Amino acid sequence: MPGSTITAPRTAVLVGPYLSGKTTLLEAMLHTSGTLHKKGKVQNGDTVGDSAPEARAHTMSVEMNVANADYLGQPWTFIDCPGSVEFANESQNALMVADMAVVVCDPDPDKAMALAPILHFLDDKKIPHLIFINKMDNLGTSPAIREVMDALQSASQRPLVLREVPIRDGDNVTGYVDLTSERAYAYQEGQPSKLISLPDSVKDREEEARQKMLENLADFDDDLLEKLLEDTVPSPDEVYAQFTKDLAEDLIVPVLMGSAEHDYGVRRLLKALRHDCPAPETTATRLGLPQKKTTQAQVFKTLHLPHIGKLSICRVWSGEIKDGDLFDTEKVSGLSYLQGHNMTKVSRAGAGDVVALGRMDSVKTGNLLTQQGIQDATDGWPEPIKPVFAQAISTQKHEDEVRLSTGLAKLVEDDPSVILESNEDTRQLLLWGQGELHLRVTLEKLERQYNVGVTCEPPKVAYKETIRNQTAIHARHKKQTGGHGEFGDVHLDIRPQQRGTGFAFESRVVGGAVPKQYIPAVENGVRDYLGAGPLGFPVVDLSVTLTDGQHHSVDSSDMAFRKAAAQAMREGMPACQPVLLEPIYEVHISVPNAFTSNAQTILSKRRGQILGFLAKDGWPGWDEVSAYLPQSEMQDLIMEIRSQTQGIGWFNWTFAHLMELTGRLADQAVAEQKEVA
C-alpha cells in the first residue's frame, strides 16, 4: 500500500459510545507506535486517556485527552474523547479540528443506534471518518458481520464500505482478509498480524464482500464503474487511491475491525490513517479558513490546572507560534505538547501541531488566533449543547462563597456546556449541565482544584400566583412618634388581568387627594407586596388602580404612602381568590422512531400535554415528539429518556406559559412554601 507523503502533523480524534473501548484503543495505538513502552489499563487507572483524577475515580473518560506519537516517521496527534453523552460537548469541539475521526463501536447490532448522534454530527460538519469495530475477540456466537454492517448503516447517512472480513475458527475470530489486497492475516497478540493463505472457508464471503466494496466505490467514480461493467479487475493501487479520495471528501465511511485490548487490527488502523487521512490544510479549508503563510491557530479546549493556571489548547493551521508571541494584548506564556496531563515544553509550534498555550486570559474556546488579533469562532463552530439538568448548590461554609464564584467561573470556561444561573424567582444558585454525572464530575473538580465543598438539592419550581376576582380596599397608615408622624391613606381597586400580561398600575385620583409626588410611592408599595402573595409566591397578571386617598400636610411622606399601599394589598388580596400558577415548558424530544411510543408514554405519565410528533428534519429514522410539560416534572426527564432510548434520546425546552394548578399538588406546593417561609 502506498504511504502518504504528508509530513505535517495530522490529528485523529477517537469517538464512540461509552464502553466501546476508545481509551484502550488509544493506549494500543501509542504502544504500537513505540510511544509507550508498556500499555496501561483502564481498570488500573494508568492509561494516557484517563489522566484526570475524576476519570480514574469513575473508570471512564470525562474530558478529552491529547497524546502525540510518531508512526513510521510521521507525527500524529491523537485525541481520545469521552463516550458518555453527558460529555458530548468535549467531543464536538475536538472533532472540529480533526483531520479524521475514528468512530469506535462494539460488534453488536443492538448497540449500533448509539452511533447515530455521533455520525450525524460528523456528516453535518463533513468531517472524514472511519469506523473501527472493536472487541472482535469477543464476537463469539454474535451475528455475522453483515448484520452488524446493516445495523451500522441504519445509523449513517453515508455509505459504509467494509474493508475487511473476519476469519473465524468456531466462535473465535482469528484474523481477517483485506478486501483490497485480497490477502489474509492471522492475529498475533502484541505483534503484527501474520500473512497466511486465504482459507477456503472464507473465500465465498470474501468475494461477495469485495464486490460490494468495489460497487460502493464505483458510485463515485465513472472509470471504476466502467471497469466493473467490463469485468476488469482494478489494481490495488487504484482502489487505495479511490478510498483516499472519497474519504477526504466525506463520501464514504470505511469500516475496519480488531481488538484494542489484544492489539488486533491496530497496525492496520494506523496504516489506514497514514494513507488516507487528509492534510491539515485540507481541514483548514473545510473550516473556511483562507490559505495563508501567516499564523492561524484555533483554540478548541480551555483548561485550568492547579499550580499551572489557564491553558488554551489549540491546533495551528498555518505559520508558527513561538513563546512570547502577541495576539492582540495576549502574550503566549509557554508552549507545551500534551500527553494526557503530562506536559513537555517546546519553543515553537508549526502547521498541524496541537499545543497548549499558557495564560491567555481573554482567549476562549473556539477563538481563532491570527497576527491581526483574536477572532471569534469560525462559521459552523458548534454552539455549546443546551443543558437539560440542574442542581441548586450552596457552599458548606459561608466563607467559601468567594472561592465558589471564582472556581465555578473557571470550570464554566473549561466546559461551555455547564451554565451557572442565579434564579431570581427561587433565590437559588443553579448549576446546569447534561446530566447528574456531568454535574457530579464538575463539583468533584470544584472541590479538588478549589477546595470548595457544596451541598446540592433539586431546584425549586418557580411557581407564581394570581387572582380570579376583584376587590376594592381602603387602608390607612398612621403613626405618631413625637414630632413629625407618618400618614398615608389609599383606596385601591385590585383586578385580575389576562394571563401573561403581567402587572399594571394606574392612578385615577382627582382633586389632589393624593398629591402627585406620592403616587410613585403608592406604586412602589404595591410592588413591594407582589414578591409574595397570600399563597407565598410572586404575584403576576393583575392591575391595581389608585382611586382615592387622603394626605396630611405635615405627616405624609413617600414612606407613609408606600406602607399604606402595601397594607392595602395585604388586606385586599386574600379576598381576590388567589390561585397558584405553575410554569409550563414546551419540550421537543428527539428519538429513533422505534422509541417514539416510549417518549409519548414518558410525557403522559408526567402530566404532559402531547402536541404531536413529526419526522425529525435531517434525521432519517428519527422522530421529534412535542409536548407541554410542567416544570415540576422535568427534573429527571433526561434520565428517563436516555434509559428508554438506549442512551441516545434527548430533548430541548423553552418556557411556554403559566397555567393554574389546583388540588393536591397545589396544596402541597403552598404548604411547602409556608414551611420554608
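Before moving on, here are some points about what is shown:
- Tabulated pairs, region 483-494, first in a loop (DSSP other than H, G, I, E, B), second not acidic (Asp, Glu), C-beta under 9 angstrom, 6+ apart or interchain: HIS484/VAL554; HIS484/SER557; GLY485/LYS478; GLY485/LYS479; GLY485/HIS552; GLY485/VAL554; GLY485/ALA560
- Filtered by the rule that a residue be among the hydrophobic types (A, V, I, L, M, F, W, C), more than 17 Å from PRO254 (Cβ to Cβ) and assigned to a helix (DSSP H, G or I), region 170-216 gives a lone residue, VAL202.
- Residue match in region 102-109 (condition: outside any loop (DSSP other than H, G, I, E, B) and not hydrophobic (A, V, I, L, M, F, W, C)): yes
- Annotation note: Cβ proximity below 6 Å between a residue of region 642-657 that is in contact (Cβ under 8 Å) with a residue 12 or more places away in the chain and a residue that is assigned to a loop (DSSP other than H, G, I, E, B) (sequence gap 6+ or interchain) occurs for ASN652/LYS386.
- Within region 649-677, if we keep just the residues that are within 33 Å of the chain's Cα centre (by Cα) and not in a strand (DSSP E or B), the residue that is farthest from PRO578 (Cα to Cα) turns out to be GLY649.
- Against the conditions (1) farther than 30 Å from LEU30 by Cβ; (2) of a type outside the set (A, V, I, L, M, F, W, C); (3) open to solvent by 20 Å² or more (accessible area, probe 1.4 Å); (4) in a loop (DSSP other than H, G, I, E, B), GLU401 satisfies every one except (4).
- Boolean, LYS331 is within 26 Å of ASN216 (Cβ to Cβ), surrounded by fewer than 22 Cβ atoms within 10 Å (Cβ to Cβ) and free of Cβ contacts under 8 Å to residues at least 40 places away in the same chain: no
- Of all residues in region 595-619, those that are of a type in the set (Ser, Thr, Tyr) have Cβ atoms under 9 Å from Cβ atoms of residues that are open to solvent by 90 Å² or more (accessible area, probe 1.4 Å), 6 or more apart or on another chain, in THR596/PHE613.
- Filter result (more than 23 Å from ASP246 (Cβ to Cβ) and either crowded, with 21+ Cβ neighbours inside 10 Å or of a type in the set (A, V, I, L, M, F, W, C) (or both)) within region 118-152: ASN134, LYS135, MET136, LEU139, ALA144
- Residues of region 618-648 satisfying the condition of being open to solvent by less than 40 Å² (accessible area, probe 1.4 Å), part of a strand (DSSP E or B) and not hydrophobic (A, V, I, L, M, F, W, C): ASP623, SER626, PRO630
- Residues satisfying the stated conditions in region 60-82, i.e. part of a loop (DSSP other than H, G, I, E, B) and touching a helix residue (DSSP H, G or I) at 6+ places or on another chain (Cβ under 6 Å): SER61, VAL62, GLU63, MET64, CYS81, PRO82
- Taking the criterion of being open to solvent by 10 Å² or more (accessible area, probe 1.4 Å), assigned to a helix (DSSP H, G or I) and in contact with an Asp or Glu (Cβ under 9 Å, 6 or more places away or on another chain), the residues of region 22-53 that qualify are LYS22, THR23, THR24, HIS31, THR32, VAL42, VAL48, PRO53.
- With respect to being assigned to a loop (DSSP other than H, G, I, E, B), surrounded by 14 or more Cβ atoms within 10 Å (Cβ to Cβ) and out of contact with any helix residue (DSSP H, G or I) (no Cβ under 9 Å at 6 or more places or on another chain), VAL363 fits the description.
- Out of VAL452, VAL461, one residue alone is open to solvent by less than 60 Å² (accessible area, probe 1.4 Å), in a loop (DSSP other than H, G, I, E, B), farther than 24 Å from PHE87 by Cβ and in contact (Cβ under 8 Å) with a residue 24 or more places away in the chain. It is VAL461.
- Test: LYS111 is open to solvent by 10 Å² or more (accessible area, probe 1.4 Å), farther than 27 Å from PRO382 by Cα and among the charged types (D, E, K, R): no
- Highlighted here are the strands (runs of 3 or more DSSP E) found entirely within region 235-324 that include at least 2 residues which are touching a residue at least 60 places away in the same chain (Cβ under 8 Å): 253-257, 296-305, 309-318.
The values are calculated or read from the model by the stated rules, or taken from the named source; none is laboratory data. Please read all numbers here as calculations on a predicted model, not as lab measurements. Methodologically, a virtual Cβ is constructed for each residue, glycine included, from the backbone with ideal geometry; neighbour enumeration extends over all protein chains shown. Surface accessibility is based on the protein's heavy atoms, side chains included, excluding ligands, DNA and RNA. Shrake-Rupley method; radii C 1.70, N 1.55, O 1.52, S 1.80 Å.
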